[in-house]
Amino acid sequence: MIKLRNIDRYFDSKFQRTFVLKGVDLDVEQGEFVSIMGPSGAGKSTLLNIIGLLDEPNAGEYYLLGDPAFQLKEKKKVQYHRSHIGFIFQAFHLIDELNVYENIETPLIYRNVKTKERKALVADLLDRFNMVAKKDLFPSQLSGGQQQLVAVARAIVGNPKLLLADEPTGNLHSEQGEMIMKLLKKLNEEGMTIIQVTHNEAFANYGSRIVKLVDGLIQEDYQVKK
Amino acid sequence: MLKLIIISAFRSLLKYKQMSLINLFGLVLGLTSFLFSVYYIVYEYSFDSFFDKSENIYRINYEVSKQGEPIYQGAKSPRGLFHAIREQIPEVEANGCAYFEKCQVLFEDTYYANQDILWVSEDFEDVFPLDMIAGVADYSAPRLGIISETAAKALFHDKDPVGRIMEVNGEMPIEITGVFKDMPSNTHLTAKYFVSYKTWVEMGIMGERGDWSGGWWNYIKMKKGVSKDQSLQKINGFVEMYMPFLADDHREASFSLQPLKDLHFIQGIDGEMGANTNYSSLINLIVVALFTLFIAWINYVNLSTAQAQTRSLQISMRKLVGASNIHVWHQSLAESIILNLFALTISFVIYLIFKNTFADFFNIPLKEAYIPPGNILLILLAIVALGILFSSIYYGIYLARMNYIVGKDKVKGGKFKQGLVMVQMALSIIFLISTMVVYKQISFMKNKDLGIELNGVILCTGPASLNPDPQKREKYQGFKNEILSFAGFESATFNVFVPGMEPIGYTQREFVNPEQGVTSGTVYYENSADDGLINTYKIDLLAGNNFGISRRQNINDVLINQNALKQLGFENPEEAVGRWIFRRGDTTRLEIIGVVNDFHNEGLQKPIYPMVWNNNYPFEFGYFAIRVNTKNLNESLAQLKSVWNRHFTKDELNYSFADQHFNEQYKSESRYSKFYVWLTILSIAIATIGLYGLIVFYLTKRDKEIGLRKVNGASAIQVVGLLNKDFLSWIIISFVIAFPVSWYAMNTWLENFAYKTNLSWWVFAIAGMAVFSIAVLTVSLKSWKAASRNPVEALRYE
Ligand SMILES: Nc1ncnc2c1ncn2[C@@H]1O[C@H](COP(=O)(O)OP(=O)(O)OP(=O)(O)O)[C@@H](O)[C@H]1O
Ligand SMILES: [Mg+2]
């Protein structure tokens, strides 16, 4: 599903070039649940952003779903974001002006999904995440765990093939974190490919595979033993 | 989708309340000032448009030249045209001719002087249909006429005017056939009475058919869809047909058609009726009004993009969940529409409430004007739609370009914003300089030595009852003798026209000085006065003598001014005294008995022209000018009134002070200057908002840097100083743009005046200093808050 070959990402400052990613190769198959780990500044977020088409590599090749995905046009990227990729962030990043219901509904609106269908999909998710009673609240009125739940709902409402999560539990206390991880695992079991970045060993083990990144290089890449 | 967009727009406007309010405030300022300007501009552009089919109406202008040199370029043309056009040009739907005169009207023992009468041809109402509230307009027979509502009230009070007879100029009993509703104030036809000119034909003053010598206003109304060019060709054909006498004198004549809607703007035409407006000042005003609005939108865009920095994450998130750039643009468009419509509503309400206050403040007869319905709102909506479109497109492009890696947005567009604020600052300085120069010119005009002293001179309208009186000169003299017997009164004279007034048409004359070989070619103005002329106005007698006290001493004696002296070909005043000159085409010898200094008979817009005074009592009522000692003014005025009432029992005393009367000529300049003051205040306010927005933008961008500097030990004052340095360097650049532009603009404006103030350097210095101080204050106040904040706060969010 994802094929990265020899990916370089660097930043030029006045006097030097700093490599964030150096010759990264990575393959992720459909249905996998990959946890990316590594020290701070190792380039994890950068890698995830490249996979999610939020950033572009300076060199190397990237194939997403079999198509070359480097140097895409803006329009094409929007298409991918609409139909194939969902995002979850450490800081939730919900849309402040919209309430829970609207936050989950928005991606469908941009996708021109019909009203009736939209209602059904959102109601379904609210039900599943036990958020029906909270649907009229605004993000600022929710706890962190609840916000992240909404963020997950929003990310998956369009039924993406790939879910990218950058430290989804980073701002949550462990109980809430666990709830989110269980949710992700369940989604994975239902067939969704997931790549998450995490600092938490235990949460990493919810996945099927762990990739360790240090100084822009993949140091370890192994399957989680069940 | 629409619901999402509107909900988001409303909520985000509410969320960023401070920004929204500042934006709203700026837009309301810009729109309100624009709205009032449009109100005035529409008024000026709607002159005469209330007449039915006004777009098909033309006035015939007349031009005569001799050997290529124009002799006459005016609004008046021969009455012969009227019949010729009527009978020979079928494409003309209707035509009419008219002559304007200030007349004396008598009704039941009360005289009314200076009544504006338009003597018109039959069927004149086919060209200019009036709104009749009683009776009909009928000019088909002699001695028929109509009267305006207001004049009817003054003359007849509660009586029904229709069918009553009023006496015009003591010899013409006119029957009133109808009363017309007062015309809107924006018309060039300022008459209060329309009377059939056949009255004059009946009296034998002129022939039935009219001659080809000029003096009348001719109007035509074209049939719908007919080109005026062909008719004009035919009209010009009349020159050869009916005016062969011109060719005998090597003169050429031609006619042209002046669209009715342009009458109000055309200057430099002789014999115009109604006041003209200075077209270039009006255009300036339009430009200024548009700029004010433009500035307001620049601010809106600037503040929005500054705000987008804070909102970039939200915008990125929308894109991440699938919003295209168009979606994001729609979002900003919605916010812009909501804000603008809101501002528009507020502005419109302000406009509705203060419409009349505005008219009073600027002394414009807007309340009585005809404003085509819907025009103002339409213009406004169109302009606002454009504004919304452009501002949201710019904003949309900005949003689309925004780098959308979450949390790592780069700040772009700073340069452009700086440029825009620079333009705003430059405009503010330009307005400020313009306002100051306009004021300087007005005060220059009001304070310049006119060559005469108007302070202390009272101008009375000559008594209308004297007009038909064969003893008028004696009666005047009796009045003068008595009033001068009082201690407060120093001197008095009669005049045909007085300072501060454009000389009445029939005082235009050409003079020849055969001895000096000077034929003619210059227009002189021949006034009348008695021996009181010199002392009343404190004119200098440069050579020769004043008129004698008795009229018999002065028969065919004239005084001339220096300008006339030069035109007549004399070297110096002494040389001219005792010489003879002639009116063109007249053999009466006029002896120059004295030469007086040049003075300004009219405002400083106009140059000094040659003037000649004879000693004849005015042909019509004219004016009495009386010099009074201003110490006991009230007492003197009471004396004047009682003496007047004793001598002229049938006439009301009607007076004004000469200096005030003279300054009336600067009314239009004063009005424009008031406009400019307000627009300047507005533009500075709006530019300050713009600067504020830029600072906010700039501070978000440099938040971290400021924090770091402070951690490294910089004091808040140092940081404020640093920020000021950044800002002020471009304010200086805006000066560099503004100074030459305003210098050029004001230089051009001053060209309108024959006598002008100079563009002093200090005007520029003061304007620069003022804008500079406002800018420093704004920057310092806003940045002080950021600079005095605990640096850790800024650095904490990474
Ligand atoms: N726009 C940029 N310009 C310069 N350097 C950058 C930029 N973006 C990221 N970096 C650098 O790249 C390196 C990797 O960043 P990245 O965010 O990928 O790290 P990370 O592994 O996600 O760290 P963390 O665990 O703290 O989130 C960091 O040292 C960061 O400073
Ligand atoms: Mg990271």
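The values are calculated or read from the model by the stated rules, or taken from the named source; none is laboratory data. The structure presented is a predicted model; accordingly, all values stated were derived computationally and were not measured. Using ideal geometry, Cβ is built from the backbone for each residue, glycine included, and neighbour counts are taken over all protein chains shown. Accessible surface areas use protein heavy atoms only, side chains included; no ligands, DNA or RNA. Shrake-Rupley method; radii C 1.70, N 1.55, O 1.52, S 1.80 Å.
When residue A:171 is tested against (1) in contact (Cβ under 8 Å) with a residue 60 or more places away in the chain; (2) open to solvent by 10 Å² or more (accessible area, probe 1.4 Å); (3) more than 16 Å from ligand 1 (Cβ to nearest atom), only condition (3) is not met.
Can you pull out the residues in the stretch B:69-88 that are assigned to a strand (DSSP E or B) and either open to solvent by less than 50 Å² (accessible area, probe 1.4 Å) or at pLDDT 90 or above (or both)? Matches in the stretch B:69-88: B:74, B:77.
Would you pick out the residues in the stretch B:605-637 that are β-branched (Val, Ile, Thr) and crowded, with 17+ Cβ neighbours inside 10 Å?
At the first step, the residues of the stretch B:605-637 found to be β-branched (Val, Ile, Thr) are B:608, B:612, B:626, B:628, B:630.
Selection gives B:608, B:612, B:626, B:628.
Can you find, within the stretch A:81-92, the residue that is modelled with the lowest pLDDT among those that are crowded, with 23+ Cβ neighbours inside 10 Å and within 7 Å of another protein chain (Cβ to nearest Cβ)? Among residues in the stretch A:81-92 that are crowded, with 23+ Cβ neighbours inside 10 Å and within 7 Å of another protein chain (Cβ to nearest Cβ), the one modelled with the lowest pLDDT is A:81. Determine whether residue B:13 is in contact with a Ser or Thr (Cβ under 7 Å, 6 or more places away or on another chain) and under 30 Å from residue B:296 (Cα atoms). The answer is yes for residue B:13. Residues of the stretch A:174-206 that are within 16 Å of ligand 1 (Cβ to nearest atom) and over 16 Å from residue A:92 (Cα atoms): A:195, A:199, A:200, A:201, A:203, A:204.
Checked against the criterion of being assigned to a strand (DSSP E or B), in contact with a Ser or Thr (Cβ under 8 Å, 6 or more places away or on another chain), closer than 26 Å to residue B:45 by Cα and assigned by TED's automatic domain parsing to the domain that holds residue B:123, the stretch B:231-241 has no qualifying residue. If you filter the stretch A:19-47 down to residues that are touching a Ser or Thr at 6+ places or on another chain (Cβ under 9 Å) and of a type in the set (Asp, Glu), you find that the one that is nearest to ligand 2 (Cβ to nearest atom) is A:32. Helices (runs of 4 or more DSSP H) fully within the stretch B:622-735 that include at least 2 residues being free of Cβ contacts under 8 Å to residues at least 40 places away in the same chain: B:633-647, B:667-711.
Being open to solvent by 10 Å² or more (accessible area, probe 1.4 Å) and within 16 Å of ligand 1 (Cβ to nearest atom) is the filter here, so list the residues in the stretch A:152-168 that pass it. Residues satisfying the conditions are A:166, A:167. Reported count of residues in the stretch B:548-560, each being surrounded by 14 or more Cβ atoms within 10 Å (Cβ to Cβ) and either farther than 15 Å from residue B:513 by Cβ or more than 40 Å from the chain's Cα centre (by Cα) (or both), is 5.
Scoring residue A:223 on the criteria (1) over 18 Å from residue A:48 (Cα atoms); (2) in contact (Cβ under 8 Å) with a residue 24 or more places away in the chain leaves a single failure, condition (2).
Of the residues making up the stretch B:467-479, just one is touching an Asp or Glu at 6+ places or on another chain (Cβ under 8 Å) and either buried (at least 20 other Cβ atoms within 10 Å of the Cβ) or among the β-branched types (Val, Ile, Thr) (or both), namely B:467.
Scan the stretch B:346-360 for residues that are surrounded by 13 or more Cβ atoms within 10 Å (Cβ to Cβ) and among the hydrophobic types (A, V, I, L, M, F, W, C) and jot them down.
Quick first cut of the stretch B:346-360, residues surrounded by 13 or more Cβ atoms within 10 Å (Cβ to Cβ) only: B:346-348, B:350-351, B:354-355, B:358-359.
Those that are surrounded by 13 or more Cβ atoms within 10 Å (Cβ to Cβ) and among the hydrophobic types (A, V, I, L, M, F, W, C): B:346, B:348, B:350, B:354, B:358, B:359.
Annotation note: Cβ proximity below 8 Å between a residue of the stretch A:17-31 that is in contact (Cβ under 8 Å) with a residue 60 or more places away in the chain and within 14 Å of another protein chain (Cβ to nearest Cβ) and a residue that is open to solvent by 80 Å² or more (accessible area, probe 1.4 Å) and within 16 Å of ligand 2 (Cβ to nearest atom) (sequence gap 6+ or interchain) occurs for A:20/A:11.
I'd like the full set of residues that are assigned to a loop (DSSP other than H, G, I, E, B), at the interface with chain B (Cβ under 10 Å from one of its Cβ atoms) and in contact with a helix residue (DSSP H, G or I) (Cβ under 9 Å, 6 or more places away or on another chain), limited to the stretch A:93-132.
Result: A:93, A:94, A:95, A:96, A:97, A:98, A:99, A:111.
Filter the stretch B:321-345 down to the residues that are surrounded by 23 or more Cβ atoms within 10 Å (Cβ to Cβ), within 14 Å of chain A (Cβ to nearest Cβ) and among the hydrophobic types (A, V, I, L, M, F, W, C) and list them by number. Within the stretch B:321-345, B:321, B:323 meet the criteria.
Has the stretch B:145-157 got at least one residue that is assigned by TED's automatic domain parsing to the domain that holds residue B:237, in a loop (DSSP other than H, G, I, E, B) and either open to solvent by 30 Å² or more (accessible area, probe 1.4 Å) or in contact (Cβ under 8 Å) with a residue 24 or more places away in the chain (or both)? Reasoning before the result, please.
Taking the stretch B:145-157 as the starting set, the residues that turn out to be assigned by TED's automatic domain parsing to the domain that holds residue B:237 are B:145-157.
Now drop any that are not in a loop (DSSP other than H, G, I, E, B), which leaves B:157.
Still in the list and also either open to solvent by 30 Å² or more (accessible area, probe 1.4 Å) or in contact (Cβ under 8 Å) with a residue 24 or more places away in the chain (or both): B:157.
Yes; the residues of the stretch B:145-157 include at least one that is assigned by TED's automatic domain parsing to the domain that holds residue B:237, in a loop (DSSP other than H, G, I, E, B) and either open to solvent by 30 Å² or more (accessible area, probe 1.4 Å) or in contact (Cβ under 8 Å) with a residue 24 or more places away in the chain (or both).
For residue A:78, the criteria (1) open to solvent by less than 50 Å² (accessible area, probe 1.4 Å); (2) within 11 Å of chain B (Cβ to nearest Cβ); (3) closer than 30 Å to residue B:16 by Cβ; (4) touching a residue at least 12 places away in the same chain (Cβ under 8 Å) hold in every case but one, which is (4).
Summed over the stretch A:33-75, the residues that are within 12 Å of chain B (Cβ to nearest Cβ) and in contact with an Asp or Glu (Cβ under 8 Å, 6 or more places away or on another chain) give a count of 5.
Conditions (1) in contact with an Asp or Glu (Cβ under 8 Å, 6 or more places away or on another chain); (2) part of a strand (DSSP E or B), marked per residue:
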residue: B:512; (1), (2): no, yes
residue: B:527; (1), (2): no, yes
residue: B:535; (1), (2): yes, no
residue: B:548; (1), (2): yes, no
residue: B:563; (1), (2): yes, no
residue: B:566; (1), (2): no, no
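Looking only at residues in the stretch A:48-77 that are in contact with a Ser or Thr (Cβ under 9 Å, 6 or more places away or on another chain) and outside any loop (DSSP other than H, G, I, E, B), the one that is farthest from ligand 1 (Cβ to nearest atom) is A:75. The residues of the stretch B:736-757 that are farther than 16 Å from residue B:436 by Cα and without any contact (Cβ under 8 Å) to a residue 40 or more places away in the chain, listed by number, are B:736, B:751.
With the condition kept exactly as written, say whether any residue in the stretch A:114-127 is open to solvent by less than 10 Å² (accessible area, probe 1.4 Å), more than 21 Å from residue A:35 (Cα to Cα) and away from ligand 2 (no atom under 16 Å from the Cβ). Before the answer, list the steps.
Of the residues in the stretch A:114-127, the ones open to solvent by less than 10 Å² (accessible area, probe 1.4 Å) are A:122, A:126.
Those left that are additionally more than 21 Å from residue A:35 (Cα to Cα): A:122, A:126.
Restricting the remaining residues to those that are away from ligand 2 (no atom under 16 Å from the Cβ) gives A:122, A:126.
Yes, that holds for at least one residue.
When we screen B:49, B:33 for residues that are in a helix (DSSP H, G or I), away from chain A (no Cβ under 14 Å) and more than 30 Å from residue A:94 (Cβ to Cβ), the only hit is B:33.
Considering the stretch A:19-39, and only residues there that are over 18 Å from the mean Cα position of the chain (by Cα) and open to solvent by 20 Å² or more (accessible area, probe 1.4 Å), the residue that is farthest from residue A:222 (Cα to Cα) turns out to be A:19.
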